[in-house]
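The values are calculated or read from the model by the stated rules, or taken from the named source; none is laboratory data. All figures in this text were calculated on a predicted structure; none of them were measured in a lab. So basically every Cβ, Gly included, is an ideal-geometry build from the backbone, and we count neighbours across all protein chains shown.
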Amino acid sequence: MSTLNHAGISISQIKHQLIVTLQGDLSEQLLNVFKTRVLEQIQQRKAKIVVIELSAIQVLDLHDYEELQKLIKMIALLGGETRFIGFQPGVIAYLSSVGADFSGIKVIAGLDDVD
């Protein structure tokens, strides 16, 4: 397993999977760095599945969520698939209340559930 760390972002690889952990408060800058790092690592490491771990994220607004949806599409264009772990119940409740589109979002209970 290899790991890449950047403030607020940790990327590890297990076989053909990238495990990406977001930590702390999200900002526009962090999201942009996050998207760039993930796409670079997919290409460099030939990853097929990206697991995005969000359990440390307590607040996720609609804009940030939509940026994650864009990332899912970019990952797909590189031949990868995305799975999420750790959405907080409050985040889900908020996103649902503001009419977020959950289509295309694949959530797993844990790393053992990755295809």
### Summary
The residue that is modelled with the lowest pLDDT, considering only those in the range 20-46 that are touching a helix residue (DSSP H, G or I) at 6+ places or on another chain (Cβ under 7 Å) and not in a helix (DSSP H, G or I), is 26
### Task
Tell me, yes or no, whether the range 39-50 has at least one residue that is touching a strand residue (DSSP E or B) at 6+ places or on another chain (Cβ under 9 Å), touching a residue at least 40 places away in the same chain (Cβ under 8 Å) and within 14 Å of residue 9 (Cα to Cα).
no
### Query
Which number in (1) in a loop (DSSP other than H, G, I, E, B); (2) modelled with pLDDT under 90; (3) not aromatic (Phe, Trp, Tyr) marks the one condition that residue 56 misses?
(2)
### Task
Would you point out the residue of the range 81-115, among those that are in contact (Cβ under 8 Å) with a residue 40 or more places away in the chain and part of a loop (DSSP other than H, G, I, E, B), that is nearest to residue 12 (Cα to Cα)?
114
### Query
Got at least one residue in the range 65-78 being over 15 Å from residue 11 (Cβ atoms), in contact with an Asp or Glu (Cβ under 8 Å, 6 or more places away or on another chain) and of a type in the set (A, V, I, L, M)?
no
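Quick grid of which residues meet (1) buried (at least 19 other Cβ atoms within 10 Å of the Cβ); (2) touching a Leu at 6+ places or on another chain (Cβ under 7 Å):
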| site | (1), (2) |
| --- | --- |
| 18 | yes, no |
| 35 | no, yes |
| 48 | no, no |
| 54 | yes, yes |
| 67 | no, yes |
### Query
Looking at 14, 72, which is the one that is surrounded by 15 or more Cβ atoms within 10 Å (Cβ to Cβ) and of a type in the set (A, V, I, L, M, F, W, C)?
72
